[in-house]
Each structure stands twice: as C-alpha cells, then as structure tokens.
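Peer 1: Starting off with a structure, shown below.
The values are calculated or read from the model by the stated rules, or taken from the named source; none is laboratory data. Bear in mind that the values here come from a model prediction, so they are computed numbers and not experimental data. Virtual Cβ from ideal backbone geometry, glycine too; neighbours counted across all protein chains shown. Side chains included, ligands, DNA and RNA excluded: accessible areas come from the protein's heavy atoms. Shrake-Rupley method; radii C 1.70, N 1.55, O 1.52, S 1.80 Å.
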Amino acid sequence: SFAQDRNSDWAFYFQDQYRVTPRLTADLGLRWELQTPFHEKSDGGRLFNFNYPGGQLLYVNKSYTQLANNSVLFGCCAKPSLISPDYRDWAPRIGFAFRPLANNDRLVIRAGYGIFYDVQENYYLLGTTYKDVPLLSPTLPSPTGLESTPPLDIRNMYPAPYSIADRSFPAPYCQAPSSSAINSAGIVTQVLNYCAASSSQIPGARNPYLQQWGMNVQYQLTPTMMAELGYQGSHGLREPIQWIFNQASPPPETGNPNNSVQFASQCPAGTLNVSCSPIQSRVPYTNFADSMFANANILMSKYEGLTFKLNKHFSGGFQTLVAYTYSHSIDQFSEIQAQSGTISSIAPDAHDLNLLWGSSSFDERNRLVWSTLYQLPFGEGRRFVHQKGPLNEVVGGWQVNGIMTISNGPPFDIGCECGDRAQIGNIYNVEHMNLVGNPLSGFTQSDYEWFNPAAFATPTLGTQGTAGRDILSATHQTALDFSLFKDFRITERLSSQFRLEIFNLPSSETYAPLFPVNAATSTSFGMIINKSLNQNHGLLFNPRVIQLALKLNF
C-alpha cells in the first residue's frame, strides 16, 4: 500500500512576565494547538465501526466499497480524516521565582506547572490511511516437490491483476479456518470464513499530553558554588498502545485444553458448548479475528523525583557538578513494540489494562552523577610556568575531565514464553508467570543466579499469570569516563587540541546494567551467566575504549 497523506498543524500562544513585588516574579502563559488528523489525498483509508453488531470496516472511498459489494468488510463510509480534529488542546503554563530573604539574594525558590501536548503516534496510525487499490494479484500455485510437471507455466509467470469485484467474501465470517475457491485460471473467486485482522484508529482519539510540575530551592554557598534541592513530578495521559480490542474474554472454566481451539469446527466431536468454548466465540466482534487491534491513546504514566545538586561554577580552572536523584517512574508500558519478555505495548489482557501498571522499564530509583573539569595550573595564563617557552609547550595547556555514574539497575519483566495460556487469543508471548514465592529469598544472589526461578510457575490454562510487571531489577550501573586534553597555540588565530578519551576506564562489567535471562522456558532462566553451558565472567567482559584525536580550531 502507498499513500499521499496530508495534514496541517497550528499553534498559538500568549505569555507574559509579571513583577509582583521586587522579590517575586511570575510567568504566565497559554498555548493552543491544533494538529489535524492525516487524510489521504485520493480519499483512501478505513476505520473500524465499533457500533456495528459483530464489527464493520468503513472506508472513505464510496466507489471502492461499491466495487467490493460487502457491507461488513467494505462498509461505507468514513470521513476523509477518519477521526475528528481535537480542538481542546489548551496548554496553560505558570511559574514563579521568589527571593524570601529581605537582605540576602542568595536564596531563591522557583516553581512551575505546565501542560504539554504531543502529536499522535502517526507511524502506526498512517497504516490506516492509504490508497485503496481495487486490483489483486492471482494466487499462484506453490510447488510440493512431487509434481511430474511444473505447477506454473512460465508463460503465465506474471498474470495480470484482476479486480476485487471478482472476489467475494460471503458470510459467515471467522467460523472456521479460511479457505479459497479458485477457478481454472488460478484466480481466487471466493474467500470462505474470511477472518480479517487489520488495524484501525479509535474514532474519538485525542492527542497525548503531559502535566509537569516542580519546585527547586537554590542557595548560593559561595560566589562560585550553588546547592539546589528540588522536587519534580509528571503525569502522562492518553499515551499510545496497540490495543487488541477484539481479544477474547476468559473461558468459562480453567484447566480445559479444549478451550484453546480457535473455531467451533475445531472442537472435539460432541464438546461444543459443553466442554469446549472456542476463542472466536468469545471475542467482542465476531466478524473479525481476535488479533484485530487499534492504535489507541488510552494509557497513563506517573513520575515523582527528589533531586540534589551541588554545582561549582568554572573558576580558577576548576568546575564540578554532583547530581543525585531519588525517583520512581511508573507506567502502563514504556515503549511501543518492545516485546522482550513482557515489556510490551501488547497487553496480556486487553480488557484489563490496569494489569499493565508497573515500574517503567527505564526507572532508576537512585542515580548519582559526578562530572568534573580541571585545568592544570601550568602554562601561559595559569598560576605556574606562565611564561612562553619550551617548558610551557610541554607542561602547559593540560586539562583533565571525568564523568562518573552510579545507579540502581532498571527493572525487567518475567516472560512466561508459554503461548496463550489464558486461552484468549494472545499469541504475542507477553503473558506473565504465576508468582508463588519470593524471587529474592532462599538463595545467594550472584551472576549465576540473579533471582530464584522457583518463585515462578506456569499459569493454569484459562488464567492470567499473577506476577506483576517489572517486579525485578537488573544489576547496578557503574560507569567512569576519563579524558585528558592538551591545547597548543600555533598562531594568533590557529590552535589545536590533542584529546585522549577513555570510556569505561576501570573496564567495569556493569558499565551498562546486566540483565538475567527472563524467559521462563529457557534453561538459563534467572541467570546472567550459565555455568552448565561453561560460561564464565569472560562472557561479561566490557572493554576499555581508548580514543585519540587531534582537533584544529581556526
């Protein structure tokens, strides 16, 4: 499919600053944004009709729907933009700065609040806005290796496409595995029990937005050093998910393998509606497959953090910044289409999105960063050996720099990797395990056993796993980068700088956090290193990277 998509974005804002008193300044602002939905230039695209019994696909192009002649799979008609514009994106901003001490300007309190809108996740949404091409390619025969003659005449290798009007999709839908009726020319004339599984947008979709607030108290300890204590928070709303809205409801009983079948025709003889409840009979929209999904902005996130900074501004050839953050970020998912374990935008249970709440996959509860820069006090313009000459060329112009990071490891999920144990049609391997014990007790934690795998069990058929999302954490991070610079003055306007940069100076294994195997079906489940596979710490070797460079400044 291809498309010529169009949209328009508008933004208007007002802001002003008010000096309420000599020691109190307020900033006020208001922004209004309009991001119109994309539409296809030739009136292409489709939208799912959630109000039609059994579900329906509505197309923008009326002539295309008449050609297909099927009111369920090719219904008429959606508006060209598919969804309505969101005219309610008002974003107020407010902030203030206050110096509370009458005879001292060294203490300042700053605070603010704002709403910030984002655009919709159009990479996936635009999959529903495309040109409707009414031509199809014939179904070509596939060789089995047992033919005495070629299954395809080379003179008909590339047959001309035919119209979708030549193919019918008779009811009923999704009642059995789909099959095709093919005529003597190799053209599909009918698709029986057709079970469509496509994407859609949510008709009432609105733009995601973020509320942010914070307060910082800053105090000048010396003319060149400032301490800051702060609190920041945010609340994300209408965040995107690929929502499988047609996922089946749970089966009427647990532990019954018959309930894993897709269609009624696959139930063992005599068991339908007695001891067999097929997945397709439990979906909300029976005209469509259980994997039918929509790109929907329906999730949320929250963040709160305390920060402390000690900032020594550059003076006397020295500058340093120490920053510590204690925070917690939780959300219902952290990134779209990430399906490592169960950290995914695919919900284990699409009808109970509250089960998705957990620590964000990037959450780091404690994080300390120390960066420093020191110009050695030798050479022209510095404290020692400041005269020009050979000695200055050797010992002058040197600068050392360093950045050290220490943090808790980010959380990770435990993936069942056991298929659709819940028997609801979820084929994405994002189901949780059952939590049957404390995963951090009953053993000595090491790289050979990071958590206790015996604390997890495979869920009973027909049930969701009870272990929450992102309940365990990877190793901590210890990173130290170092650099050494040397400046050379060549002419009045031309200079050069030699740079020695060393990343991961101590060759730390945890320069980046290490994650254990989180797939319950793996023989290395719970391990960072598997002894039984003759693995050792050499597998975790993280090299020291040394980089040399010469920079010219004109």
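Peer 1: How much net charge surrounds residue 190 when only other residues with a Cβ under 12 Å from its Cβ are counted (Lys, Arg +1; Asp, Glu -1)?
Peer 2: Every neighbour counted, the sum reads 0.
Peer 1: Taking the Cα centre of the chain as the origin, how large is its charge dipole in debye, to the nearest 20, when only Lys and Arg (+1) and Asp and Glu (-1) carry charge on their Cβ atoms?
Peer 2: Here the chain has a charge dipole of around 1660 debye.
Peer 1: If I model a spin label as a point 7 Å beyond the Cα along the Cα-Cβ vector, how far apart are those points for residue 499 and residue 362 in nm?
Peer 2: 2.5
Peer 1: Straight-line reach from residue 41: which aspartates and glutamates have a Cα under 18 Å away, not including same-chain ones fewer than 8 places off?
Peer 2: The reachable aspartates and glutamates, counting only those whose Cα sits under 18 Å from residue 41, are 5, 9, 132.
Peer 1: Give, in nm to one decimal, the length gained when the segment between residue 90 and residue 326 is fully stretched (0.36 nm per residue of separation minus the Cα-Cα distance).
Peer 2: 81.8 nm
Peer 1: Something else: Subtracting the Cα-Cα distance from 0.36 nm times the residue separation, let me have the gained length for residue 310 to residue 352 in nm, one decimal.
Peer 2: 10.7 nm
Peer 1: Whole-Hz Karplus ³J(HN,Hα) for region 213-223, in order, using 6.51 cos²θ - 1.76 cosθ + 1.60 and θ = phi - 60°, x for Gly and Pro?
Peer 2: Residue by residue, region 213-223 yields 8, x, 9, 10, 10, 10, 9, 8, 6, 9, x Hz.
Peer 1: Would you tell me the accessible area of residue 460, worked out with a 1.4 angstrom probe on the heavy atoms of the protein chains, in Å² to the nearest 10?
Peer 2: 70
Peer 1: Using modelled backbone amide H atoms (1.01 Å from N, in-plane), which distant-in-sequence or interchain residues come within less than 5 Å of residue 317's amide H?
Peer 2: Sorted by chain and number, the residues that satisfy this come to none at all.
Peer 1: Give me the number: length gained by fully extending residue 219 to residue 77, i.e. 0.36 nm times residue separation minus the C-alpha to C-alpha distance, one decimal in nm.
Peer 2: Result: 44.8 nm gained on full extension.
Peer 1: Rounded, prolate or oblate, given the Cα gyration tensor of region 198-252, with a/c below 1.5 counting as rounded?
Peer 2: prolate
Peer 1: Got a sec? Charge dipole of region 1-135, +1 on Cβ for Lys and Arg, -1 for Asp and Glu; which of 7, 76, 47 is way out at the positive end?
Peer 2: 7
Peer 1: Which of these values of volume of the Cα convex hull per residue in Å³ was calculated from the structure shown: (1) 322; (2) 189; (3) 283?
Peer 2: (3)
Peer 1: Another question, then. Would you mind counting up the charge near residue 131? Only other residues with Cβ under 11 Å from its Cβ, with Lys and Arg at +1 and Asp and Glu at -1.
Peer 2: That works out to -3.
Peer 1: What list of ³J(HN,Hα) couplings, whole Hz, do you get for region 270-287 from phi and the Karplus terms 6.51, -1.76, 1.60, once you set θ to phi - 60° and write x for glycine and proline?
Peer 2: x, 9, 4, 6, 10, 9, 9, 10, x, 4, 5, 7, 10, 7, x, 10, 6, 6
Peer 1: Now for a separate question. Can you list residues whose amide H is under 5 Å from residue 474's amide H, if they're 5+ apart or on another chain and H is modeled 1.01 Å from N?
Peer 2: Excluding prolines and chain starts, which carry no amide H, the hits are 412.
Peer 1: If you don't mind, another one. Under the definition of Cα pairs under 8 Å and six or more residues apart, what whole-number percent is the relative contact order of region 200-287?
Peer 2: The value is 23 percent.
Peer 1: To continue, here is another question. Which of rounded, prolate, oblate describes region 423-500, given a ≥ b ≥ c as roots of the alpha-carbon gyration tensor eigenvalues and a/c under 1.5 marking rounded, otherwise prolate only if a/b is larger than b/c?
Peer 2: Because a/c hits 1.5 or more and a/b exceeds b/c, region 423-500 counts as prolate.
Peer 1: Here's a follow-up. Contact order normalised by length for region 476-554, with contacts defined as Cα pairs under 8 Å and 6 or more residues apart; what percent is it?
Peer 2: Relative CO of region 476-554 lands at 38 percent.
Peer 1: Quick one: accessible surface of residue 10, probe radius 1.4 Å, all protein chains present, in square angstrom to the nearest 10.
Peer 2: 140
Peer 1: If you don't mind, another one. Under 27 Å between alpha carbons, and skipping anything fewer than 8 positions from residue 551 in its own chain: which lysines qualify?
Peer 2: The reachable lysines, counting only those whose Cα sits under 27 Å from residue 551, are 388, 486.
Peer 1: While we're looking at this one, here's another question. If I take every Cα pair under 8 Å that is 6 or more residues apart in region 256-336, average their sequence separation and divide by the length, what percent do I get for the relative contact order?
Peer 2: Relative contact order for region 256-336 comes out at 21 percent.
Peer 1: Let me ask something else. Using amide H atoms built 1.01 Å from N in the peptide plane, name the residues 5+ places from residue 465, or on other chains, whose amide H lies under 5 Å from its own.
Peer 2: 432
Peer 1: Please give me, ordered by residue number, the trypsin sites (Lys or Arg not before Pro) of region 413-505 that lie in loop per DSSP and have at most 15 other Cβ atoms within 10 Å.
Peer 2: For trypsin sites (Lys or Arg not before Pro) across region 413-505 that sit outside H, G, I, E and B with at most 15 neighbouring Cβ atoms in 10 Å, the list reads 493.
Peer 1: Counting helices only, and only those DSSP H runs with n ≥ 4, report the 222 nm mean residue ellipticity of the chain as the sum of -39,500 (n - 2.57) divided by its residues, in deg cm²/dmol to the nearest 500.
Peer 2: Taking each H run of at least 4 residues, the total per residue is -500 deg cm²/dmol.
Peer 1: Could you derive backbone 3J(HN,Hα) for region 307-321 from the dihedral phi with the Karplus parameters 6.51, -1.76 and 1.60 (θ = phi - 60°), listing whole Hz in sequence and x where the residue is Gly or Pro?
Peer 2: In residue order, the calculated couplings are 10, 9, 10, 10, 10, 9, 5, 5, 6, x, x, 9, 8, 8, 9 Hz.
Peer 1: Using Cα centres only, tell me the gap between region 395-447 and region 43-99 in whole Å.
Peer 2: So the two Cα centres are separated by 38 Å.
Peer 1: Looking at 405, 395, 432, which one has the Cα that reaches farthest to the positive end of the dipole of region 375-432 (charges on Cβ: Lys, Arg +1; Asp, Glu -1)?
Peer 2: 395
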